[in-house]
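Read through the structure below, which is laid out as structure tokens, and then see the notes.
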Amino acid sequence: MSTILVTGGAGFIGSNYVRLLLRQQSAVRLLNVDSLTYAGNLENLTEVESDPRYSFVKADITDAAAVESIQEPIDEIVHFAAESHVDRSIEDAATFLRTNVLGTQVLLDFARRRGVKRFVHVSTDEVYGSLGPSDPAFSETTPIAPNSPYASSKAASDLLVRAAFHTHGMPVLITRCSNNYGPYQFPEKLIPLMIANAMEGKPLPVYGDGLNVRDWIQVEDHCRAVDLVRMTGRVGEVYNVGGRSERPNIEVVRTILRTLGHGDELIRYVKDRLGHDRRYAIDDRKIRNELGFTTLHNFEEGLAATVAWYGQNRAWWERVRSGDYRGYYERMYGSRLGNS
Ligand code: NAD
Ligand code: DAU
């Protein structure tokens with residue numbers, strides 16, 4: 001039995017990872033450490049909250065004392081916690097530096113003191129910067145050239161993880177994945193925002209000319225890749241993860257609209273994001289050839305299933321949009337912990 005400390009397990013990808021692991025691996029215990037920012041929602045985890053292999057600690061990873069106070073012996077760490085939204089980083093970069101950079105160092109220090117056997121750092125393809133239309137895809141040896149405060153903070157955290165390997169010989173691994181989509185994604189990101197707006201008959205804001213390209217991967221495929229790296233990756237290595245599904249944004253938006261029976265009348269071209277990266281594409285041959293990774297979801301089917309999920313779980317995203325979900329921790333755990 002391995003005890004895995006998962007950070008950011010109440011967010012989009014982290015909660016999908018927690019649910020997937022508890023479903024697929026019997027010999028694990030998961031300790032979810034999350035400070036429940038606007039993006040953290042324990043309603044994402046109602047399915048597992050009574051599982052005896054799962055526990056939750058509300059803690060901020062930038063608070064070294066709070067992290068150090070974790071008593072359980074920890075075998076492995078899978079580090080998802082981050083400020084993750086590019087537009088927010090353009091408005092205010094400070095939180096991104098605190099959580100993504102300092103928070104990662106706090107965890108590395110904790111892991112070293114505790115003799116943690118694997119530390120998987122979940123990073124992003126955005127650290128590589130932006131591609132032109134015919135540039136080759138990002139490989140693990142592409143130079144780091146981040147363009148947004150978010151991407152720069154993730155690149156800084158990657159470098160701290162690299163330093164922990166070279167300086168202290170820590171057993172770290174880094175994954176760099178492309179754009180995720182799927183259930184429980186916060187409706188500020190392109191796909192869930194467009195689905196929710198279309199369902200409510202609201203305008204769909206498309207930045208610039210709508211021709212920026214992203215490579216889309218279904219979130220469970222990303223989670224399976226992270227777990228494969230945790231179990232079989234070579235320490236000190238970086239593994240790119242991609243969906244082999246490059247699409248211009250406007251095509252994704254139109255597919256969502258057609259799936260919901262709309263024409264283009266809700267589309268609004270709006271002012272472009274500052275410093276908007278034009279194209280991301282991933283060369284994922286390393287994880288496929290070395291670790292045998294394959295994706296299970298095709299983009300068009302995965303997107304249709306995601307649209308269906310948001311239709312069936314309207315109450316979830318309506319609560320998220322209204323902010324009502326934020327009292328969930330106090331309602332569920334507050335009285336038990338004496339801080340309600
Ligand atoms: P998210 O914003 O949905 O969730 C982030 C989680 O981290 C939330 O639960 C939040 O409460 C928690 N958190 C934030 N600051 C914290 C702090 N100081 N202490 C403890 N917990 C804190 O993010 P996501 O989209 O699920 O992304 C998860 C990770 O995957 C991030 O590291 C992100 O950079 C990376 N990533 C995301 C994508 C994507 O497409 N979403 C793609 C590649 C990599
Ligand atoms: O590539 C991985 C990254 O993907 C992750 O590291 C980030 O955490 C994640 O947020 C995501 O970053 P993007 O900036 O690519 O995702 P976002 O959903 O914000 O935007 C996707 C594309 O859609 C991008 O070109 C901007 C555009 N967009 C986005 C929004 C929110 C719009 O046109 N309109 C919108 O309203």
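Summary of computed values
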| read-out | value |
| --- | --- |
| Virtual spin-label span in nm between Met1 and Arg98, 7 Å along Cα→Cβ | 3.6 nm |
| Residue-averaged [θ]222 nm for the chain, counting only DSSP H segments that reach four residues, each worth -39500 (n - 2.57) | -10500 deg cm²/dmol |
| Amide H contacts under 5 Å for Glu83, placed H, 5+ residues apart | Asn100 |
| Estimated distance in nm for a label pair at Lys202 and Glu251, the labels positioned 7 Å out from Cα along Cα-to-Cβ | 2.8 nm |
| Amide H partners (placed H, <5 Å) of Ile217, local residues excluded | Asn179, Asn180, Tyr181 |
| Residues Met231 and Glu72, FRET efficiency given R0 of 25 Å [Cβ-Cβ distance, rounded to 0.05] | 0.75 |
| Calculated from backbone phi, Karplus (6.51, -1.76, 1.60) coupling profile of segment 76-87 in Hz, x at Gly/Pro | 9, 10, 10, 9, 9, 4, 6, 7, 10, 9, 4, 4 |
| Length added when fully stretched, His166-Ser134, from 0.36 nm per residue minus Cα-Cα | 8.0 nm |
| Thr141/Thr46 FRET efficiency (R0 56 Å; Cβ-Cβ; nearest 0.05) | 0.85 |
| Using θ = phi - 60° and Karplus 6.51 cos²θ - 1.76 cosθ + 1.60, couplings along segment 117-134 (whole Hz; Gly, Pro as x) | 8, 9, 10, 9, 9, 8, 10, 9, 5, 5, 5, 7, x, 10, 10, x, x, 10 |
| The chain: equivalent-ellipsoid semi-axes (sqrt of 5 x gyration tensor eigenvalues, Cα, Å) | 30, 25, 19 |
| Cross-link table Lys202/Lys271; Lys189/Lys271; Lys117/Lys189, entries beyond 22 Å C-alpha to C-alpha | Lys117/Lys189 |
| Between segment 230-265 and segment 1-72, the alpha-carbon center distance in angstrom | 25 Å |
| Gain on full stretching of the segment that runs from Ser26 to Ala65 - 0.36 nm per residue minus C-alpha separation | 10.9 nm |
| J(HN,Hα) series, segment 270-276, from Karplus relation 6.51 cos²θ - 1.76 cosθ + 1.60, nearest Hz, glycine and proline x | 10, 3, 5, 4, 5, x, 4 |
| Span-rule helices in the chain, defined as complete DSSP H runs reaching 27 Å or more along the axis (Cα) with Kyte mean at least -0.5 | 149-168 |
| Difference of contour (0.36 nm per residue) and Cα-Cα distance, Asp109 to Arg331 | 76.6 nm |
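Any read-out appearing in this document is the output of simple, stated calculations on the displayed coordinates, not a laboratory observation. Keep in mind the model is a prediction, meaning the values are calculated, not measured. Backbone-built Cβ (ideal geometry, glycine too); neighbour counts: all protein chains shown.
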